[in-house]
Amino acid sequence: MLILAKAALALMVSFIISVIFGFVLIPFLKKMNAKQKVSIFLQNKHKKKDGTPTMGGLIFIIPTILSTIILIFMNKIEWTDNLFIIMFVFLAYALLGFIDDYLIIKRHNNDGLTEIQKLIGQILIAVIFFLIFMKSGRNPVLDIHTLGITIDMGWLYGLFILFVLVASSNAVNLTDGLDGLAGGLSTIAFISFGIISFGSNWIAGNQDIGVFCFILVGSLLGFLVYNTHPAKVFMGDTGSLALGATLASVAILTSHEITLIVVAGVFVFETICSLIQMIAGRYFNRKIFLMAPFHHHLEKLGWQETDIVKLFWIIGMVLGMGGIFFGVWL
């Protein structure tokens, strides 16, 4: 019961800070002219969103950091190597996304960091992740605990970390296209991984990882106060890259990389659809979907934005429960 009380406290503290911070930040972003420019391919459906403030990811990033510090000083959670890795990834990817958003705003177009620049940043983060991971006494082993499978990957584990971080961060980034979509799905995913972390008692500091997940859930709920339809702010790459990479780091540190595929199933599906569309267009000169990612395909078919978001949230909840069953009870 104590850990549930900690989780509830973490969620409450971060939610309150996030709501207050968002109330202050959004007018500031408007004043700084930090506005999102809608793609020309979405002008028919989303023209009214042109000029909506971006960089809203700060609404859950900064409160998450503050809440974590508060709970550490209250001795509610312990500062461990695993928690340090998660916080490092969270902040590093947030900074990478912030730079990308800043350049887009400064240039008044959708050209931020190049793909090569992003990849270099992601490689550096993955290398530091791997070094801290190994220094903390962990082994470079892919441990599928539920199935009893253990694979010693050696130095290849560093490449594996890079792949999971890049894939997860880009998946959330691709899904962030409708009001509340990526934020809501991320909230569900972190609730799931918070519970999974509590059940991963063979991992040092597993409860602290779980509490951090609920800190982030509270901050995300505060962000959704402003991001659900009609959105008053967008999270931008500042938020989406940080969320995806942090979700991946929690999965890696709790040895639930395969469970991540289940819990993040909607993100995975959106990414696969985008890859199919890209390959079909580049090599076969045809389109499989009216527009990718898949949520835009549904919009082109005439679906309402709110209906798409609700459907994806429901699917995310079912997958989250499936992930908990696979990762904890099975």
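The values are calculated or read from the model by the stated rules, or taken from the named source; none is laboratory data. This one's a predicted model, so the numbers in the text were calculated from it and none came from an experiment. Using ideal geometry, Cβ is built from the backbone for each residue, glycine included, and neighbour counts are taken over all protein chains shown. Side chains are part of the model used for accessible areas, which takes the heavy atoms of the whole protein and leaves out ligands, DNA and RNA. Shrake-Rupley method; radii C 1.70, N 1.55, O 1.52, S 1.80 Å.
Would it be correct to say that residue 19 is crowded, with 16+ Cβ neighbours inside 10 Å, more than 25 Å from residue 230 (Cβ to Cβ) and modelled with pLDDT of 95 or more? So residue 19 does not fit the description; no. Residue 163 meets each of the listed conditions (1) open to solvent by 70 Å² or more (accessible area, probe 1.4 Å); (2) farther than 14 Å from residue 257 by Cβ; (3) under 20 Å from the mean Cα position of the chain (by Cα); (4) not aliphatic (A, V, I, L, M) apart from (2). Contact map, region 299-326: first residue farther than 19 Å from residue 191 by Cβ, second residue part of a helix (DSSP H, G or I) and open to solvent by 40 Å² or more (accessible area, probe 1.4 Å), Cβ cut-off under 8 Å, separation 6 or more or different chains; pairs are 299/45; 305/45. Can you tell me which residue is surrounded by the fewest Cβ atoms within 10 Å (Cβ to Cβ) among those in region 188-226 that are more than 18 Å from residue 323 (Cα to Cα), of a type in the set (Gly, Ala, Ser) and over 17 Å from the mean Cα position of the chain (by Cα)? Only one residue tops the list, namely 204.
For the criterion of being open to solvent by 20 Å² or more (accessible area, probe 1.4 Å), under 19 Å from the mean Cα position of the chain (by Cα) and touching a residue at least 12 places away in the same chain (Cβ under 8 Å), residue 234 passes. Pairing residues of region 281-293 that are closer than 24 Å to residue 181 by Cα and without any contact (Cβ under 8 Å) to a residue 24 or more places away in the chain with residues that are open to solvent by less than 40 Å² (accessible area, probe 1.4 Å) and of a type outside the set (Ser, Thr, Tyr), at Cβ distances under 6 Å and at least 6 apart in sequence or on separate chains, gives 288/277; 288/280; 289/277; 289/297; 290/297; 292/273; 292/277.
Annotation note: Cβ proximity below 7 Å between a residue of region 168-195 that is touching a residue at least 60 places away in the same chain (Cβ under 8 Å) and a residue that is surrounded by fewer than 24 Cβ atoms within 10 Å (Cβ to Cβ) and charged (D, E, K, R) (sequence gap 6+ or interchain) occurs for 178/305; 179/305. Where helices (runs of 4 or more DSSP H) fall wholly inside region 189-272, the ranges with 2 or more residues that are over 13 Å from residue 168 (Cα atoms) are 206-227, 236-253. Note on region 47-142: enclosed helices (runs of 4 or more DSSP H) holding 2 or more residues that are open to solvent by 30 Å² or more (accessible area, probe 1.4 Å) and under 22 Å from residue 20 (Cβ atoms) are 58-73, 81-107.
Of all residue pairs spaced 6 or more apart or on separate chains, those with beta-carbon atoms under 9 Å, a first member in region 110-122 that is under 14 Å from residue 241 (Cβ atoms) and a second member that is of a type in the set (Lys, Arg) and at pLDDT 85 or above are 112/118.
Somewhere in region 32-47, is a residue over 30 Å from residue 88 (Cβ atoms) and either modelled with pLDDT of 75 or more or under 19 Å from the mean Cα position of the chain (by Cα) (or both)? Yes, the conditions are met somewhere in region 32-47.
Among the residues making up region 237-283, those that are hydroxyl-bearing (Ser, Thr, Tyr), farther than 18 Å from residue 312 by Cβ, open to solvent by less than 10 Å² (accessible area, probe 1.4 Å) and out of contact with any Ser or Thr (no Cβ under 7 Å at 6 or more places or on another chain) are 238, 246, 249, 259.
Taken over region 244-303, the criterion of being modelled with pLDDT of 95 or more, touching a helix residue (DSSP H, G or I) at 6+ places or on another chain (Cβ under 7 Å) and among the polar types (S, T, N, Q) is satisfied by 246, 249, 271, 274.
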